[in-house]
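The values are calculated or read from the model by the stated rules, or taken from the named source; none is laboratory data. Note that the structure is predicted; figures quoted are calculated from it, not measured. Positions of Cβ are backbone-derived with ideal geometry, glycine not excepted, and every protein chain shown enters the neighbour counts.
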């Protein structure tokens with residue numbers, strides 16, 4: 001059980017992106033369907049078409065884990081064809097101003113920043129997706145540090161969170177996210193894990209120290 005005294009010691013809050021700040025399903029789910037349909041037609045794939053639930057269960061993972069799992073193949077031509085289709089469509093969508101943050105993300109991050117917390121973004125996103133999202137939502141105005149898996153090949157969230165904590169010289173931090181790797185990254189580095197029940201991880205966040213159902217609930221947690 002996390003005490004109020006422990007929460008008051010926190011100086012840094014590290015956020016996941018999709019499923020935490022960004023409604024990734026609104027942007028990416030239609031794109032995945034379109035690219036899957038094109039892929040099945042091009043390669044004459046005779047497999048059951050994955051449901052929304054199966055596709056969404058992959059969101060938030062690193063790309064190298066998503067595509068083989070979703071496509072149920074190790075065929076590099078099939079994987080690369082699908083990956084290219086998704087990447088190009090997602091970047092174009094961001095460039096067109098599409099995508100949607102969860103309610104009150106802007107105001108909540110602004111208030112936390114005004115309360116003198118150091119804020120960081122840590123995502124499993126690819127480089128092109130990450131950079132397009134940063135530009136689209138002007139994320140740089142919120143965060144003291146931003147890190148994406150695409151810029152750190154072979155590294156997981158535990159490693160990225162460790163580097164962020166070191167760079168920001170944090171004495172006590174929290175990770176806010178919706179998937180198991182967010183919870184693990186917090187705990188493996190000695191931080192507090194806050195799970196977003198509204199995201200893609202669903203039951204995965206039960207292992208977090210605290211859970212929230214709406215993003216703005218963070219203002220009641222971080223009150224220094």
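Quick check, is residue 10 assigned by TED's automatic domain parsing to the domain that holds residue 192 and either closer than 24 Å to residue 216 by Cα or in a helix (DSSP H, G or I) (or both)?
Spelling it out, residue 10 is indeed assigned by TED's automatic domain parsing to the domain that holds residue 192 and either closer than 24 Å to residue 216 by Cα or in a helix (DSSP H, G or I) (or both).
Can you tell me how many residues within the stretch 125-154 are out of contact with any helix residue (DSSP H, G or I) (no Cβ under 8 Å at 6 or more places or on another chain) and part of a helix (DSSP H, G or I)?
Here the count works out to 3.
Can you tell me which residues in the stretch 134-176 are under 12 Å from the mean Cα position of the chain (by Cα), within 26 Å of residue 95 (Cβ to Cβ) and in contact (Cβ under 8 Å) with a residue 40 or more places away in the chain?
149
Does the stretch 195-207 include one or more residues that are assigned to a helix (DSSP H, G or I), buried (at least 18 other Cβ atoms within 10 Å of the Cβ), within 17 Å of the chain's Cα centre (by Cα) and in contact (Cβ under 8 Å) with a residue 40 or more places away in the chain?
no
Would you mind stating whether residue 70 is free of Cβ contacts under 8 Å to residues at least 60 places away in the same chain, closer than 26 Å to residue 184 by Cβ and within 21 Å of the chain's Cα centre (by Cα)?
yes
Of the residues in the stretch 135-158, how many are farther than 18 Å from residue 86 by Cβ and in contact with a strand residue (DSSP E or B) (Cβ under 7 Å, 6 or more places away or on another chain)?
9
Checking residue 122 against (1) crowded, with 16+ Cβ neighbours inside 10 Å; (2) over 14 Å from the mean Cα position of the chain (by Cα): exactly one of these is not met. Which one?
Among (1) crowded, with 16+ Cβ neighbours inside 10 Å; (2) over 14 Å from the mean Cα position of the chain (by Cα), residue 122 violates only (2).
Pick out the one residue from 95, 104 that is in contact with a helix residue (DSSP H, G or I) (Cβ under 9 Å, 6 or more places away or on another chain), at positive phi and either in contact (Cβ under 8 Å) with a residue 40 or more places away in the chain or exposed (fewer than 15 other Cβ atoms within 10 Å of the Cβ) (or both).
When all the criteria are applied, what remains is 104.
Do we have residue 62 as touching a residue at least 60 places away in the same chain (Cβ under 8 Å), outside the structural domain of residue 176 (by TED's automatic domain parsing), closer than 17 Å to residue 178 by Cβ and touching a helix residue (DSSP H, G or I) at 6+ places or on another chain (Cβ under 6 Å) here?
For residue 62, the condition - touching a residue at least 60 places away in the same chain (Cβ under 8 Å), outside the structural domain of residue 176 (by TED's automatic domain parsing), closer than 17 Å to residue 178 by Cβ and touching a helix residue (DSSP H, G or I) at 6+ places or on another chain (Cβ under 6 Å) - is met.
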